[in-house]
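The values are calculated or read from the model by the stated rules, or taken from the named source; none is laboratory data. Small disclaimer: the values here were computed from a predicted structure and weren't measured. Glycine gets a Cβ as well: all are built from the backbone with ideal geometry, and neighbour counts include every protein chain shown. The accessibility values were calculated without ligands, DNA or RNA, using every heavy atom of the protein model including side chains. Shrake-Rupley method; radii C 1.70, N 1.55, O 1.52, S 1.80 Å.
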Amino acid sequence: MSGKGYQTLLECRRRGRLLRERGFTIDQIAIVLSLDHQVSPLRLYRYAAGLTASQTISAYATLDPRRAAGLREARLYEYENWPDAGRRPPAHALYLLGRIYGTGPERLVPPSVLATYSAYDRQILNRMLPPSRSPG
């Protein structure tokens, strides 16, 4: 991780911890962080969770050992840069990353990008929302 990127993550960890102590949810923390960091929602939620790319990859491997080899740090960065660059994350990856970050997978991409997923993938993402959450 570059020095600037790591400093950003450290700042976001500190702010996230302070906001959690005040009862903010991960979704609210991501909104607050978005005021200062113009990054994709996928990266924003990683920052809100206070995780490095390496920690995210480890958690992903724990949740889905069969597909763990398919996600490396470089691929995660590609997902985080979509749609401006990189690669579009598959629905299953969004589901797992949502579980890791503590949010619904539909929040990890902008609505305009979510609309580019097939109807089948959107149905999977909506079906995989945590029980306590409602879509939208």
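Estimate the FRET efficiency between His37 and Arg66 by the formula 1/(1 + (r/R0)^6), using the beta-carbon distance for r and 25 Å for R0, to the nearest 0.05. The value I calculate is 0.15.
In plain terms, the chain from Gln28 to Asn81 could stretch by 16.9 nm, reckoned as 0.36 nm per residue minus the Cα-Cα distance.
Taking a ≥ b ≥ c as the square roots of the eigenvalues of the Cα gyration tensor, an a/c ratio of 1.5 or more together with a/b larger than b/c marks region 1-103 as prolate. For the chain, the mean residue ellipticity at 222 nm estimated from helices alone is -17500 deg cm²/dmol, where every DSSP H run of n ≥ 4 contributes -39500 (n - 2.57) and the total is divided by all residues, rounded to the nearest 500. The share of accessible area on the chain that comes from carbon and sulfur is 53 percent, using a 1.4 angstrom probe.
With a Förster radius of 30 Å applied to the beta-carbon distance between Glu11 and Arg122, the computed FRET efficiency rounds to 0.35. Which of rounded, prolate or oblate describes region 1-54 when judged by the alpha-carbon gyration tensor and an a/c cut-off of 1.5? Prolate shape, in that a/c is at least 1.5 and a/b is the bigger ratio.
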